[in-house]
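Heads up, the thing below is written out as structure tokens.
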Amino acid sequence: MMKKLFVPLVVIAAAMFAYAPVMIANAPYESTMGLVQKIFYFHVPSWFAMFTAIAVCGVASIIHLFRNSPRADRIAEAAAEIAVLFGLMGLVTGPLWGRKAWGVWWQWDAKLTIALLLEMTFISGILVRKYGGPGSDKLAAAVGIFGLAVTPFVYEAVNIWRTIHPLTSVVPTLGASMAAPFWFCVAAYFLLLALLLMLRVNLGKRQAALDELYLAYED
Amino acid sequence: MSFRRLSVVLTTALSSFVLLASTAFAQQAPAGQAGFVPVDSVPLADQLPAAPLLITAYAFVWAATMVYVWSIWRRLNKVEDEMRALAQKMPPR
């Protein structure tokens, strides 16, 4: 089922990413920031995709911790890696926007700092898996759950603390001409997330099959 | 020292000073800004262009995705190669 769906979904995702710049170009300019505000159309969807990947990782980690499910562990591992990828997109596109809008590449305010820490949390999860030795899957699951618990604070940071970052009220109050390209980009990112998850979980499956083959060979 | 000799020395020294002084003053740095004049907006020529930042951001998204897909593909190939090598080593059942 997944294999049959994969190729059509890749085609749809590629078409959406190819068409997204056209929609972004046709979207109106923001009154104070002008052209550079258009980074918003792929900066915010990057974070949405990261938060979704973290949710998948967190739930799969809980299942793995309590039911010792290798399948859930593979999903958690894949989702953590993808969360790092989308987080990196957010952390790179954000400063490019900030350089023009705020005059600085980076500001150590609450929102940006906590977002960087979230990214580092998931990088640490990957490192724990790679170098942690036996039992590192459980440790990585704990890191995944911790990341899930921290995520609402990253999203709400702009409402809790005073920061220079735009508020969360920006997205719900978007006008139709800005909302259409924005939600189109969000859909494209979610599709990309699903495709990458399928690819990465398949890699995990093959690695598990290889491990079983090694065990059979040693026996 | 005779008057004639003294006048030659003084004339040479004075003309040297005049000639060198003009060169020395010409090499001086311009005077520092005495005051700042505020304007309402940054002159157009000084504004940071937005387009390169926007294009870089979009290109980075594509590049990061491509690199990640390539890394998965490379790891998958490595696993498949190892599986094939192991299958050849295993005795037939």
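Scanning segment A:1-34 for residues that are more than 21 Å from A:LEU191 (Cα to Cα) and open to solvent by less than 90 Å² (accessible area, probe 1.4 Å) yields A:ALA25, A:ALA27, A:PRO28, A:GLU30, A:MET33, A:GLY34. Per this entry, A:ARG99 is counted among residues that are surrounded by 15 or more Cβ atoms within 10 Å (Cβ to Cβ) and within 27 Å of A:ILE39 (Cβ to Cβ). State yes or no: is A:ARG162 modelled with pLDDT of 95 or more and charged (D, E, K, R)? The answer is no for A:ARG162. Per the listing B:ARG93, B:ARG84, B:ARG74, the residue uniquely over 30 Å from A:LEU192 (Cα atoms), at pLDDT 85 or above and open to solvent by 90 Å² or more (accessible area, probe 1.4 Å) is B:ARG84. Looking only at residues in segment A:32-68 that are more than 10 Å from the chain's Cα centre (by Cα) and among the polar types (S, T, N, Q), the one that is farthest from the other protein chains (Cβ to nearest Cβ) is A:ASN68.
Output the number of residues of segment A:200-219 satisfying the condition of being free of Cβ contacts under 8 Å to residues at least 24 places away in the same chain and part of a helix (DSSP H, G or I).
Count: 13.
A:ARG71 meets each of the listed conditions (1) in a helix (DSSP H, G or I); (2) within 12 Å of chain B (Cβ to nearest Cβ) apart from (2).
Being under 21 Å from B:GLU82 (Cβ atoms), within 14 Å of chain B (Cβ to nearest Cβ) and open to solvent by less than 30 Å² (accessible area, probe 1.4 Å) is the requirement here; does A:LEU210 meet it? Yes. Set side by side, the residues A:VAL128, A:VAL143 differ, and just one is open to solvent by 20 Å² or more (accessible area, probe 1.4 Å), assigned to a helix (DSSP H, G or I) and under 22 Å from A:LEU193 (Cβ atoms), which is A:VAL143.
The values are calculated or read from the model by the stated rules, or taken from the named source; none is laboratory data. Just so it is clear, the structure is predicted and the values come from calculations on it, not from any experiment. Please note: Cβ atoms are built from the backbone with ideal geometry, for glycine as well, and neighbour counts cover all protein chains shown. Side chains are part of the model used for accessible areas, which takes the heavy atoms of the whole protein and leaves out ligands, DNA and RNA. Shrake-Rupley method; radii C 1.70, N 1.55, O 1.52, S 1.80 Å.
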